[in-house]
Amino acid sequence: MEKRGSFASRFGVIAAMAGSAVGVGNIWKFPYMVGDNGGSAFIITYLLISLLITAPVLIAEMSLGRMGGQNVLGTFRTLAPKQKAWQGVGWLGLITAFVILSFYSVIAGWSLAFIKDSVIGSFAGKDVAQITADFNGFIASGWQPVAWAIFFLVLTCLIAGSGLQKGIERSSKLLMPLLAVLLIVLVVRSFFLSGFGESVNFLVKPDFSKITPNVMVAALGQSFFSLSVGMGTMLTYGSYVSKKESIVDVVTNVLIADVIIALLAGFAIFPAVFTFDINPTSGPDLVFLTLPSLFAQISGGQIMSILFFVLLFFAAITSAFSLLEVVVAYVTEELKLKRRAAVLVSFVGLAILATLCAMSQMPESALRLGSRNLFDTFDLVSSNVMLPLGGLLIVLFWAWKLPKKRVEEEITNNGTCSTKIFGVLYFLLRYIVPVALVIMFISLNS
Ligand code: TRP
């Protein structure tokens, strides 16, 4: 078997984990969720939930990985040797990785197609109606989104295949700072749009009456997705983290990065939305239809458009590494293949699923489950069922199955760090978080 990899530096750990967290969820999903769920009310709820629920689960998940020092399945096998049922969490994680990565590649593929369109100037002078028609034609062709999704998977696999440190860690250290710079450039440009003031009102001025149970549930689901929690991604990355690192510190950095990038994405996008009097609740279309038509009308729009979709691509690929790694770690450690072979095997499976996802969006496609096409089903089922379920099981395992002493030693590095916060963390994970997750789970699926 190959020697097990590990991240080389602290910055590398944070870049890789923030790279996982910051993704399509921050740049595409967060802004439209904010728009759909009442602006600042959603943001406040989101911040509180991320701090009190999601971040503790992330800490638990990462610490399990570091305790087990293996892939998801091996970790549960080692930590609960006599209770095979817990390995089901590992299986759930592996399946979820395939499900998320297949529709994720389709969205990431769109961002690549939009980079090309921005570069050749094909949005110039078009309004929303024309851009919508173009996009519908693109989806209906079937082969175009398939080709872009596969191209995205090839890029992801080539980089991830070249190694944990050389591929994933190195590119995350480069792409994450670049992503931050690109986003700041976009926010500065948005500052000069006339809609900036209105968007500040929308995003910052609290209106507590808008915080409803639905908003809370939406915020919890979004927070899980955005912080890559609930399927073993952070567990797998945690297994590559040195025993000297403080898990609480790393997670604090990742949380801050993830939240700031999501908020900045809001400040990059909404000023344009308000400047052109567009309804902020335009949903998933916000980034792919509304934005290009706005860029087509502002000065410097073409450059902005290129920067924006490059940014989305960077965000997507560093997240895709982490999803892929769950599968690759499993295949190398459990099925004893070399890393490159493991990546190749995963690629074949993912390419097939991504193809089905993209084709399912063609009009009159037969690739449906009930009333939804495969793409929408995968998106919905992963966020609403698989992640909360996985998260709940991970928390129950951490807080109720493992002895307190064991988790305490792991979180505090044998009493040398995070000792004060451990008590709070343990209380949250033992009582508050499971109850919150069960409530969310029931209300999401009823
Ligand atoms: N967090 C990423 C985003 O915001 C997506 C992602 C990567 C993810 N790994 C994950 C989501 C694991 C859920 C579980 O786009």
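Can you find even one residue in the stretch 295-307 that is touching a Cys at 6+ places or on another chain (Cβ under 9 Å), in a loop (DSSP other than H, G, I, E, B), more than 15 Å from the ligand (Cβ to nearest atom) and farther than 17 Å from Leu178 by Cα?
Of all residues in the stretch 295-307, those touching a Cys at 6+ places or on another chain (Cβ under 9 Å) come to none.
Scanning the stretch 295-307, I find no residue that is touching a Cys at 6+ places or on another chain (Cβ under 9 Å), in a loop (DSSP other than H, G, I, E, B), more than 15 Å from the ligand (Cβ to nearest atom) and farther than 17 Å from Leu178 by Cα, so the answer is no.
For the stretch 215-228, the set of residues classified as open to solvent by 10 Å² or more (accessible area, probe 1.4 Å), within 10 Å of the ligand (Cβ to nearest atom) and part of a helix (DSSP H, G or I) consists of Phe225 only. Does the stretch 374-387 contain any residue that is more than 16 Å from the ligand (Cβ to nearest atom), more than 19 Å from the chain's Cα centre (by Cα), in contact (Cβ under 8 Å) with a residue 12 or more places away in the chain and under 30 Å from Asp117 (Cβ atoms)? Within the stretch 374-387, one or more residues are more than 16 Å from the ligand (Cβ to nearest atom), more than 19 Å from the chain's Cα centre (by Cα), in contact (Cβ under 8 Å) with a residue 12 or more places away in the chain and under 30 Å from Asp117 (Cβ atoms).
Looking at the stretch 259-267, is at least one residue within 14 Å of the ligand (Cβ to nearest atom), part of a loop (DSSP other than H, G, I, E, B) and either surrounded by 23 or more Cβ atoms within 10 Å (Cβ to Cβ) or modelled with pLDDT under 95 (or both)? No; the residues of the stretch 259-267 include none that is within 14 Å of the ligand (Cβ to nearest atom), part of a loop (DSSP other than H, G, I, E, B) and either surrounded by 23 or more Cβ atoms within 10 Å (Cβ to Cβ) or modelled with pLDDT under 95 (or both).
Which one is nearest to the ligand (Cβ to nearest atom) among residues in the stretch 229-245 that are small (Gly, Ala, Ser) and under 14 Å from the mean Cα position of the chain (by Cα)?
Kept after step one, since they are small (Gly, Ala, Ser), are these residues of the stretch 229-245: 230, 232, 238-239, 242.
Checking which are under 14 Å from the mean Cα position of the chain (by Cα) leaves us with 230, 232.
Details: Gly230: 6, Gly232: 8 Å.
Among them, the one singled out is Gly230.
The C-beta contact set for the stretch 345-365 (first residue open to solvent by 70 Å² or more (accessible area, probe 1.4 Å), second residue modelled with pLDDT of 95 or more and not in a helix (DSSP H, G or I), distance under 7 angstrom, 6+ apart or interchain) comprises Val345/Leu337.
Condition test on Val250, is it within 15 Å of the ligand (Cβ to nearest atom) and modelled with pLDDT of 95 or more? Judged against the criteria, Val250 is not a match. Close contacts from the stretch 406-425, counting a first residue that is on the phi > 0 side of the Ramachandran plot and a second that is outside any helix (DSSP H, G or I), with Cβ to Cβ under 6 Å and a gap of 6+ residues or different chains, come to Ser418/Ser246; Ser418/Thr412.
Any idea which of Ser199, Ser171 is closer than 16 Å to Ala265 by Cβ and open to solvent by less than 60 Å² (accessible area, probe 1.4 Å)? Being closer than 16 Å to Ala265 by Cβ and open to solvent by less than 60 Å² (accessible area, probe 1.4 Å) holds for just one of Ser199, Ser171, which is Ser199.
Restricting to the stretch 268-285, name every residue that is part of a helix (DSSP H, G or I) and closer than 18 Å to Arg189 by Cα. Within the stretch 268-285, Ala268, Ile269, Phe270, Pro271, Ala272, Val273, Phe274, Thr275 qualify. Among the residues of the stretch 310-339, those that are among the charged types (D, E, K, R), open to solvent by 10 Å² or more (accessible area, probe 1.4 Å) and in a helix (DSSP H, G or I) comprise Glu333, Glu334, Arg339. Residues that are farther than 19 Å from Ala60 by Cβ and in a helix (DSSP H, G or I) within the stretch 229-255 are absent altogether.
The values are calculated or read from the model by the stated rules, or taken from the named source; none is laboratory data. Keep in mind that this is a model prediction, so the values were computed, not measured. As a convention, Cβ positions derive from the backbone with ideal geometry for all residues, glycine included, and neighbour counts pool all protein chains shown. With ligands, DNA and RNA removed, areas are computed over all heavy atoms of the protein, side chains included. Shrake-Rupley method; radii C 1.70, N 1.55, O 1.52, S 1.80 Å.
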